[in-house]
Structures are given as structure tokens and as C-alpha cells.
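The values are calculated or read from the model by the stated rules, or taken from the named source; none is laboratory data. Not measured: the values here are computed from a predicted model. Here Cβ is always computed from backbone atoms with ideal geometry, including for glycine, and neighbour counts include all displayed protein chains.
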Amino acid sequence: MPDYLPHTDEDVAEMLGFLGLASTDELFGAIPAALRLAGGLDIEPGIPEPDALARARARAAANEAGGLVCFAGAGAYDHEVPPVVRALASRSEFVTAYTPYQPEVAQGGLQAIFEFQTMVSRLFGLPIANASLYDGATAVVEAVNLGVGATGRPRVLVSAGVHPHWRAVLTTFAAGTGHRLVEVPLRGGVTDWDAAAADEDVGVVVAGSPNYLGCLEDLADVRRRCDGLGALMVVVTDPLSAGLVKSPGEWGADVAVGEGQGFGTALSFGGPYLGLFACAAAHVRRLPGRLVGETLDADGRLAYVTTLRAREQDIRREKATSNICTNQTLMALTAAVQLGWLGTTGLVEVALRCARGARYCKDALVALDGVEPLTGDTPVLFEFALRLPVPAALAVERLAEEGFLAGVALDALVGAAGDGSVGADDAAHGLLVAVTERRSRAEIDRFVAALDKAVR
């Protein structure tokens, strides 16, 4: 669409004249000829804007995801986004929201973040929550950074129940920080902590509940083990679980993290999402990202400011425990609107509907010939793993033809060889299914019938 090219021929000529150059080739003369594009780009000539939009719509229409009934999860969930959330969060005042550095012109944004922090603090049962992070994976990395910085010990026990992609991100960052990660395998869907050798060098223990297979873990046992090791306890959780079970803080967690996409943010093909982070008050100076506080101004009026930021996090980078100095204001504000709209009662209702739907769906699916629960009788909440008599990827493909996004094949998460959470055979035949409040009983019944057909 040539209408949107930023520079006219006259603009270019004026710029070259000001620089004393004869052509753009001279402008880019420092670039070696071998790196320059010689024959031009193999693309069509420009077309009018309506034609370009029509072509984009046609390509978008070829994507089936929008028309499939979603039973997929694995960290991104098809929760309902009420119209009030879309209406408020899409207001022009918030579209360009960013970290509000100047309190004298950003009281509204700062107050919204403060309310968001308060809600996250209550969800996680911990006194301090930050202004948000990029996503759940980033939050796990930052929690480990905080824990190692606080204990001074680089050895980190990580449950294989933490999402495989999040563990992969943690491994990538550990290559630079020098943290020594030790993966603790699962047995029966929950972490086999006895398989991890007790080591005085352990500074952080990372557990997940519900873990990525949907199973609830014994966090009281994790707390006892952390006390014995002198390690910080980091809990990775689905924040919606706070509507039904004890919060990480009630179990004694030092840090709790999670993904906030389910609170008002659409799936959006993977982002932008929202990292949630809360911790005990003792660690506030190591908190990643931003923190908004409530105070009084010079005239005694209520005011909001960014506060308690250790200068090392932003300026003395070699001493920092975090490399993040910002936040996801727009996603955080969206989550605050959603949580405010739901209230405590609404949160419980949504969580209960998800849990009941998951229980009904699981019971119906495991009644099918050849389908069995991958994690045995271990309690699950909103998500569960099945072992199918056919490769899970094949079942997902067949169910797409029936109008369902059936779930996530485990080998797509952990690889064909499996990992500490599942073995190779379970990875190939394992299907992770999630049920949200959007799924009706009729949809679940049709899904069960379609899966029965697919595995036969």
C-alpha cells in the first residue's frame, strides 16, 4: 500500500542535500556490497488499501481456530471476557499505557496498577505484588533470580510439573546467570521430591500446584522440605485456583507466580500476556519490575507513586537481581477490571464451574474404551491428562475436522522423548484437556462423542 510510505522523493532529495550526498547508495556506503540486496525483493507491486485488506481477511479466514470449540489449555485458556472488560480496557486512555514514571501526570494509571497489585496480593496470599511482568515464564525466571539473590545459593530444585516451556525459558536464562537447575521428576502426576538429593547448596525450590498436568500437589510437604534446606519456596500456580483452594501464601510460599491471561485477555495467538508476581515483605527490595505505593502528597491528599525500588535494579546493572524495569500496564489494567467485575463471589463461581466441568468431562472421557487418566487418581482442578489408544496428535487432527480444538498433545510440549514429567510413550499418546466456564454440558457431550469416534 504505497500511500503509507513515509518519505516522498522530495523528502529524500532534501535529506541527501542536507548531508551533502548524491544518492542513497552513498548514505549506506558503509555496508559491504556482499550484504546488500542486489536484485530487489520478489514481491508484488503495491495495491490499493481495500484490496490489501480483502486479501488479509481471506488469509485470516483460512485459520480454523476461531471456529473450533476449545478444550486446549497448557497455560493459555479460553475464558470468558465480559463486554464490560472489553469496553473499559479498550478505552483510548489506556491503549498507550506504559509504566507511569511521573506521578504528577499519571495518578489514574498509578491507581489502577495499585488496585491490580492489591488483587494479586489477595489471590496469592502474599503481602507484596508487583505491577506485573511480561508473562508466566518470565515470572518464574524472576522468582528464581530473587531466591538465589536472597539465599546466595545457586542450586535450584525445579519440579517437572512446572510448564515445560517455562522450564525451557528458565534453563535459557540460567545459562547466563550460572544458576544450577536440578529437575525433580513426577510420579503419578505429582513431584517425587524424594528423588532430589538433599543438598545444603539448594537456595530455591520451585513447585507447581496445580501443575501443568492439572494435578494438585502437597505444598505443605514442599514447605517442610524448604525449611529443612533453608531454601526459598516458589509456587507456580493458576491464579483462578484461589477461588477454590488455599493460596500459595497460606501454604507458606515465599514467592508465588502465575500467568494472568485468563483474567480478561483473549488467547490472541500467544500474546501479549501477563506475568503475576507476589512475595513476602522481606524480599520487597529484590522485587522485579515496578511497584506502586499509596501515600499522601504535600497537601495531605491521597497519591500514588512508584516506590521501594532498589537502584541496582535500574542503574547498577551488575548488582541487579532482575533485568526487568517495566510492566504490562494494559494487560494488568484489563485483569483488574475483570477481577473487579467478578468480585470474590464471581471468582468462586467461575472456578467452581471450571472444576465441575473438568470433572464431568474427565469422567465421561475415561469411560471410553482405551482412554485412561495419565495421572491415575491424583486430584485435578481445571485440567487433566489422558492416555489415548492412538497418538494424541492424530486425535487432535481428527477432532479439528469435527469442530473441536481437542487439547494439547503432550509430545508437542515435552518433545517426542518425553521428560521428567512423562515418558516417551505417554508423551506420544498423552492429551492435555482443559475445561473453562465457557464450555457447556452439551459441548462437552459432543466433544466426548467426537473423541470416541477419533480414537476408534
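Annotations
- Residue check, Asp363 surrounded by fewer than 16 Cβ atoms within 10 Å (Cβ to Cβ), charged (D, E, K, R), out of contact with any Pro (no Cβ under 6 Å at 6 or more places or on another chain) and in a helix (DSSP H, G or I): yes
- Residues of region 382-395 satisfying the condition of being aliphatic (A, V, I, L, M) and buried (at least 21 other Cβ atoms within 10 Å of the Cβ): Ala385, Leu386, Leu388, Ala392, Ala395
- Among (1) in a helix (DSSP H, G or I); (2) touching an Asp or Glu at 6+ places or on another chain (Cβ under 8 Å); (3) assigned by TED's automatic domain parsing to the domain that holds Arg286; (4) not aliphatic (A, V, I, L, M), the one test that Arg353 misses: (3)
- The single residue among Leu133, Leu126 that is in contact with a strand residue (DSSP E or B) (Cβ under 9 Å, 6 or more places away or on another chain) and either surrounded by fewer than 24 Cβ atoms within 10 Å (Cβ to Cβ) or over 18 Å from Gly264 (Cβ atoms) (or both) turns out to be Leu126.
- Gly407 being crowded, with 18+ Cβ neighbours inside 10 Å and in contact with a Phe, Trp or Tyr (Cβ under 7 Å, 6 or more places away or on another chain): yes
- Identity of the residue in region 190-242, part of a loop (DSSP other than H, G, I, E, B) and touching a Lys or Arg at 6+ places or on another chain (Cβ under 7 Å), that ends up modelled with the highest pLDDT: Asp201
- As a summary of the residue check, Arg301 satisfies the conditions (1) in contact with a Leu (Cβ under 9 Å, 6 or more places away or on another chain); (2) in the same structural domain as Gln111 (by TED's automatic domain parsing) except for the one numbered (1).
- Enumeration of residues in region 184-207 that are of a type outside the set (A, V, I, L, M) and either surrounded by fewer than 19 Cβ atoms within 10 Å (Cβ to Cβ) or farther than 27 Å from Ser322 by Cα (or both): Pro185, Arg187, Gly188, Gly189, Thr191, Asp192, Trp193, Asp194, Asp199, Glu200, Asp201
- From the options Gly293, Gly340, residue that is of a type outside the set (A, V, I, L, M, F, W, C) and either in a loop (DSSP other than H, G, I, E, B) or within 21 Å of the chain's Cα centre (by Cα) (or both): Gly340
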